[in-house]
Amino acid sequence: MNKFLIAPSILSADFAKLGEEVLCVISAGADMLHFDVMDNHYVPNLSIGPMVLKSLRNYGVTVPVDVHLMIKPIDGLISDFVDAGAHCISFHPEATENIDRSIQLIRKHGCGVGLVLNPGTTLECLKYVINKVDVITLMSVNPGFGGQVFLPETLNKIRQTRKLINAIDDTISLAVDGGINFGNFNAVRESGANIFIIGSAIFNSTNYHDVICRFRSMLPQ
Ligand code: DX5
Ligand code: ZN
């Protein structure tokens, strides 16, 4: 199984001082960054795009960045995100006409590939492509907003996905995105996740270091 990683979602950061916020969360112990991109079409909200990622790279952000595309369509923006410094590009299967083509396009650019499944999306869509991706992200809220409540039925889906991964290739990472807090973190981990995408629980706190250390202390050593 892959390493446990804590991936702050910068959606809940203060955008007026984003560079500072990101460097702060990295020095507080973040393993990577989760970069939420929204288009007011695939999801009912707007956020940030490749120019912002490029600015963060120029500001000295060197950790891996997983770009979570909540946009439709996706193919036309892949090269821009790669040029801006994406390490992995994760997309929702419903947001592209052809899942396999989008996977190939991301790969062609030398980037990691992630698939993101909404709470109501079944695991069926993984069937023919699971061995072509690096990360499967299960949404534990409906995408579009930070600070939502974790949907408890996700735990069962995490367990099923973990079984699927272990049966095929246990180097595929299993990420969970949405509503993770101190109350459900253990259950998410015990169900089989190894990447924890956490937004408001980190950025709404006054001490990012304490919060990340506390989450990390809940992981097996
Ligand atoms: C929701 C985003 C998440 C979200 C996580 O659409 O994909 O990454 O910002 O934030 P919290 O932890 O606040 O749910
Ligand atoms: Zn996200």
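Going from the residue with the fewest nearby Cβ atoms within 10 Å to the one with the most, Val129, Val113 rank Val129, Val113. Approximating the spin labels as points 7 Å out from Cα along Cα→Cβ, the Gln221-to-Asn118 distance works out to 4.3 nm.
When the chain is treated as a GNM with alpha-carbon contacts under 10 Å, the residue of Asp75, Asp100, Asp36 showing the greatest mean-square fluctuation is Asp100.
When the chain is described by a simple charge dipole with +1 on each Lys and Arg Cβ and -1 on each Asp and Glu Cβ, the residue from Ala175, Asn40, Val25 located farthest towards its positive end is Ala175. Given the options Leu115, Leu53, Leu77, which has the most mean-square fluctuation in a GNM of the chain, springs set between C-alpha atoms less than 10 angstrom apart? In the Gaussian network model the winner is Leu77.
Estimated from the Cβ-Cβ distance and a Förster radius of 30 angstrom, the FRET efficiency linking Asn2 and Met51 is about 0.45. Compared with the direct C-alpha span, the chain from Arg101 to Asp169 gains 22.3 nm at full extension, assuming 0.36 nm per residue. Please find the FRET efficiency linking Glu20 to His87, where r is the Cβ-Cβ separation and R0 is fixed at 25 Å, and quote it to the nearest 0.05. Working from the Cβ atoms, E equals 0.70. Checking the cross-link pairs Lys3/Lys54; Lys108/Lys157; Lys3/Lys72; Lys54/Lys163; Lys72/Lys127; Lys54/Lys132 against a 25 Å limit on the alpha carbon distance flags Lys3/Lys54; Lys108/Lys157; Lys3/Lys72; Lys54/Lys163; Lys54/Lys132 as lying beyond it.
Cα centroid separation, the range 70-101 to the range 170-221: 25 Å.
Percent relative contact order of the range 9-158, based on C-alpha pairs within less than 8 angstrom and at least six residues apart? In percent, rounded to a whole number, it is 18.
Seen from a random direction on average, the alpha-carbon convex hull of the range 5-217 projects onto 10.6 square nanometres. Of all the options Ile180, Ile158, Ile168, the one that moves most in a Gaussian network model of the chain with Cα springs shorter than 10 angstrom is Ile168.
Placing +1 on each Lys and Arg Cβ and -1 on each Asp and Glu Cβ, with no other charges, gives the chain a dipole about its Cα centre of roughly 420 debye. Would you work out if the range 52-97 is rounded, prolate or oblate? Take a ≥ b ≥ c from the square roots of the eigenvalues of the alpha-carbon gyration tensor; rounded if a/c is under 1.5, else prolate when a/b is larger than b/c, oblate otherwise. Because a/c hits 1.5 or more and a/b exceeds b/c, the range 52-97 counts as prolate. Note on Asn131 and Asn204: with the Förster distance fixed at 30 Å, the Cβ-Cβ geometry gives a FRET efficiency of about 0.20.
Every read-out reported here was derived from the displayed coordinates using simple, explicitly stated rules and does not represent laboratory data. Because the structure is a prediction, the values reported are computed rather than measured. Ideal geometry is used to build each Cβ from the backbone, glycine not excepted, and the neighbour counts take in all protein chains shown.
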